[in-house]
1. Those residues that are out of contact with any Cys (no Cβ under 8 Å at 6 or more places or on another chain) and assigned to a loop (DSSP other than H, G, I, E, B), I need them from the range 137-152; list them, please.
2. Where residues in the range 1-18 are outside any helix (DSSP H, G or I) and among the polar types (S, T, N, Q), which of them is least open to solvent (accessible area, probe 1.4 Å)?
3. What residue, of L103, L174, is surrounded by fewer than 16 Cβ atoms within 10 Å (Cβ to Cβ) and among the aliphatic types (A, V, I, L, M)?
4. In this structure, does V146 turn out to be at pLDDT 95 or above and in contact with a Phe, Trp or Tyr (Cβ under 8 Å, 6 or more places away or on another chain)?
5. Just checking, does the range 153-165 include any residue being part of a strand (DSSP E or B) and more than 15 Å from M97 (Cα to Cα)?
6. Mind listing just one residue for me: the one in the range 19-51 that is open to solvent by 70 Å² or more (accessible area, probe 1.4 Å) and free of Cβ contacts under 8 Å to residues at least 12 places away in the same chain and, of those, farthest from R72 (Cα to Cα)?
7. Identify, from the list D123, D134, the residue that is more than 28 Å from H19 (Cβ to Cβ) and part of a loop (DSSP other than H, G, I, E, B).
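The values are calculated or read from the model by the stated rules, or taken from the named source; none is laboratory data. Computed from a predicted model, the values in this text were never measured in an experiment. Every residue, glycine among them, receives a Cβ derived from its backbone with ideal geometry; neighbour counts consider all protein chains shown. Please note that ligands, DNA and RNA were not included when accessible areas were found on the heavy atoms of the full protein model with its side chains. Shrake-Rupley method; radii C 1.70, N 1.55, O 1.52, S 1.80 Å.
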Amino acid sequence: MRIDIISCVPNLLDSFFAHSILKRAQQGGFVEVVIHDIRDYAVNKHRTIDDYAFGGGAGMVLQVEPIARCIRALTSERSYDEVIYLTPDGEQMQQKMVNQLSLLGNIIMLCGHYKGVDQRVRDMFITKEVSIGDYVLSGGELAAAVLSDAIIRLLPGVLNDETSALTDSFQDNLLAPPVYTRPADFEGNKVPEILLSGHEAKIEDWRHEQSLLRTKSRRPDLLQ
């Protein structure tokens, strides 16, 4: 998979992809992440990429021309399955969406900034709009990082134990059960005996029951 991220503050993303699972995924050849600076596609020597909104109002708007030039440059080199715009008014990001995106080959992610992007960008180039929650960030970079992380960890070979991702919260509309590790007794707080029994079938039954109880208590909407 290849993920191209278009941003006006690309340095915000450097550290995120330089560590842990995302770093190993790139080094292992499971994914290629390329970050593009919109200013490299500006149409004037001042590298201007934003301007005041027509009709007035507070805040600046990312211009259509630099973004169009960047997207067209990328799509002239390869085909893309989705061109995603990260925006608060997009489709709510959920695990089912992430699962589907993880099956694709090439994705472009456009990060909004300021008051967003010229609507013509959305009309002409964007194939999918995604929100990571009902709140507003300073820009789409963190949202792009969140979406990328969720996708990349699902790619075959990225996690040492590929079944790990399949037992995460939301994969089966249930929250994950509680987990424990050593020591078995910490200041009188003991690990449930069933987890120490070695009886795999009973342990799985216990975990499923705990998932149901946790989901019913914390996210009953998922059971509907």
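1. As a first pass, look at the range 137-152 and keep what is out of contact with any Cys (no Cβ under 8 Å at 6 or more places or on another chain): 137-138, 142, 145-152.
If the condition is that a residue be out of contact with any Cys (no Cβ under 8 Å at 6 or more places or on another chain) and assigned to a loop (DSSP other than H, G, I, E, B), then L137, S138 are the ones that fit.
2. Narrowing the range 1-18 to residues outside any helix (DSSP H, G or I): 1-10, 15.
Keeping just the survivors that are among the polar types (S, T, N, Q) gives 7, 15.
Details: S7: 0, S15: 73 Å².
For the range 1-18, the residue satisfying everything is S7.
3. Details: L174 fails: surrounded by fewer than 16 Cβ atoms within 10 Å (Cβ to Cβ).
Criteria check complete, one pass: L103.
4. Details: at pLDDT 95 or above: yes; in contact with a Phe, Trp or Tyr (Cβ under 8 Å, 6 or more places away or on another chain): no.
No: the conditions fail for V146.
5. Step one: filter the range 153-165 for residues part of a strand (DSSP E or B), giving none.
Among the residues of the range 153-165, not one is part of a strand (DSSP E or B) and more than 15 Å from M97 (Cα to Cα), which makes the answer no.
6. Within the range 19-51, the match that is farthest from R72 (Cα to Cα) is S20.
7. Details: D123 fails: part of a loop (DSSP other than H, G, I, E, B).
Unique residue meeting the criteria: D134.
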